[in-house]
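Asks: My structure is below; once you've seen it, I'll send some questions.
The values are calculated or read from the model by the stated rules, or taken from the named source; none is laboratory data. Keep in mind it's a predicted model, so treat the numbers as computed, not measured. Here Cβ is always computed from backbone atoms with ideal geometry, including for glycine, and neighbour counts include all displayed protein chains. The protein model used for the area step is the full one, side chains on, heavy atoms only, and it has no ligands, DNA or RNA in it. Shrake-Rupley method; radii C 1.70, N 1.55, O 1.52, S 1.80 Å.
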Amino acid sequence: MRTEGDNMNGLKRQNRAAVLMNLHRYGGLSRKRLAAMLRLTPAAMTKIVAELISEGLVYEEGSMPSGGAGRREITLRLKTDSFCTLGVSIGLKKASVSAVRIDGAVIASETVPLPNQAPAEETVKMLSERLLTLARENGVDRENVLGLGIAVRGVIAADGRTVKTTFDALDTTDFPLCDRFETYTGLPSVLSNNVRALLAAQTFLSREEQPESIFFLRCGSGIGAAFSAGGEILEGDKRQCAEIGHIPVIKRGGKPCHCGKSGCLETIASPAAIREDAEACLSETETPLLWKLTNGKKDAVTTARVLDAARGGDAGAARICDRAAEALADALKSVVYLLDPGKLVLYGGIFEHPYFMSRLSAEMDVGVDAAHAAPMEKSRFNGKLEPCAAGLLYTIHFYKNGGMTE
Ligand SMILES: [Zn+2]
């Protein structure tokens, strides 16, 4: 619970943040409209807007009819092409660096391969150099870079600046990631878990009114999730909120998981698990269509091919895919009954496959009454958030801070 009051500066920051977020969400608005939306006096709005214009964050664009006889009002817009942020995302065996405009448009992005358990200090130094080079080579002026957003797999510490564990992405634990990036880049930085960064980007880019709460599920190499309520992404007491991939599913004899346990949801329902399970039982008799699609070669087995085989009637492939869809649906149904989210957003290539989506949708209906039917949908940014999410972390921080760097 918030127990501190706001001084005048806090109030100013809050008003500026509301103006910026409304201009981002709704596009062009007049001073009058903004004042009405924020329930501020026209004089107060004129003052705030004058500041934002002088700082180059907002500009005036012609005029629009006000509804009155012949009167026209000036439209205000965010100036999205002058400032940008840098973003770095650290995953298992790879990272990406990018420069992102404050409306989310990616100026440039590149992937950097990393070893497993990459040496933390050396890696941060190398990625910082790549970030600054990327910005320079793409004509981004240092003075127009607002800050750096860092997204990392794993668990962030309570201070919001240290990463407690990256599950083998980096070689160390309790590492002050923000401080080290700030030292090497000279940029103010913010840090988030990578899946939470994707949800933040999804919400920011969606612009339209959002439901009160969103459960965001990412199926990539693993299974991760993030949950937002009232516009805030929940962290949990130990910063481990919504780690759905590590819900125990197989009680005995399950496959080992990278988290150190075995039998986690991720070990049977992730795209990688589907591929591994199909590889293990690939044979002319057990998986005949998959055998044909891969010429009997294990290294030709991909998740998409397993799903294609299942769709084509391969009983062995279908058994693996159906088990994955069923386990994932069971976990998601628990989410629906526990949290009552306004929306379940699915993110990941596997949700583009009609076989997997139809199995998942069918399983979601099993044992559920109409009052708990999940409003489930594929993200409309599927596959597109990774290059912009980290950079947008800083943009969102900047807007929430009223467009002030202090
Ligand atoms: Zn696990």
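Asks: Report whether or not Cys219 is farther than 19 Å from Ile150 by Cα and at pLDDT 95 or above.
Replies: Criteria met by Cys219.
Asks: While we're looking at this one, here's another question. Quick one: count up the residues across the stretch 344-362 that are surrounded by fewer than 16 Cβ atoms within 10 Å (Cβ to Cβ) and of a type outside the set (S, T, N, Q).
Replies: 4
Asks: Looking only at the stretch 246-264, count every residue that is closer than 20 Å to Thr165 by Cα and among the hydrophobic types (A, V, I, L, M, F, W, C) and tell me the total.
Replies: 4
Asks: What is the number of the single condition among (1) touching a helix residue (DSSP H, G or I) at 6+ places or on another chain (Cβ under 7 Å); (2) touching a residue at least 24 places away in the same chain (Cβ under 8 Å); (3) among the β-branched types (Val, Ile, Thr) that Val366 does not meet?
Replies: That leaves (1) as the condition not met.
Asks: Now, a different point. Just checking, which of Leu338, Leu332 is open to solvent by 70 Å² or more (accessible area, probe 1.4 Å), closer than 22 Å to Phe227 by Cα and assigned by TED's automatic domain parsing to the domain that holds Met357?
Replies: The conditions single out Leu338.
Asks: If you don't mind, another one. Please count how many residues of the stretch 256-276 are among the hydrophobic types (A, V, I, L, M, F, W, C), near the ligand (Cβ under 7 Å from one of its atoms) and surrounded by fewer than 24 Cβ atoms within 10 Å (Cβ to Cβ).
Replies: Residues meeting the conditions: 2.
Asks: Which count do you get for residues in the stretch 222-240 that are crowded, with 17+ Cβ neighbours inside 10 Å and not charged (D, E, K, R)?
Replies: Counting residues in the stretch 222-240 that are crowded, with 17+ Cβ neighbours inside 10 Å and not charged (D, E, K, R) gives 8.
Asks: Okay, next question. Just to confirm my filter: which helices (runs of 4 or more DSSP H) fall fully inside the stretch 158-270 and include at least 1 residues that are over 17 Å from the mean Cα position of the chain (by Cα)?
Replies: 177-185, 266-269
Asks: Need a quick list: strands (runs of 3 or more DSSP E) entirely within the stretch 8-118 having at least 1 residues that are under 25 Å from the mean Cα position of the chain (by Cα) and farther than 30 Å from Ala272 by Cβ.
Replies: Output list reads 72-78, 84-90, 94-101, 106-113.
Asks: Would you check if Val249 is away from the ligand (no atom under 16 Å from the Cβ) and crowded, with 18+ Cβ neighbours inside 10 Å?
Replies: No, not satisfied.
Asks: Another question about this same structure. Checking Ala242 against (1) touching a residue at least 24 places away in the same chain (Cβ under 8 Å); (2) under 26 Å from Leu346 (Cβ atoms); (3) more than 10 Å from the ligand (Cβ to nearest atom); (4) out of contact with any strand residue (DSSP E or B) (no Cβ under 6 Å at 6 or more places or on another chain), only one condition comes out false. Which one?
Replies: Condition (4) is where Ala242 drops out.
Asks: Answer yes or no as to whether Thr287 is more than 19 Å from Ala151 (Cβ to Cβ), of a type in the set (Ser, Thr, Tyr) and either in contact (Cβ under 8 Å) with a residue 24 or more places away in the chain or away from the ligand (no atom under 16 Å from the Cβ) (or both).
Replies: yes
Asks: For the stretch 339-353, check the following and say yes or no: at least one residue is farther than 30 Å from Val100 by Cβ, over 26 Å from the mean Cα position of the chain (by Cα) and not in a helix (DSSP H, G or I).
Replies: Checked against the condition, which is being farther than 30 Å from Val100 by Cβ, over 26 Å from the mean Cα position of the chain (by Cα) and not in a helix (DSSP H, G or I), the stretch 339-353 yields no hits at all.
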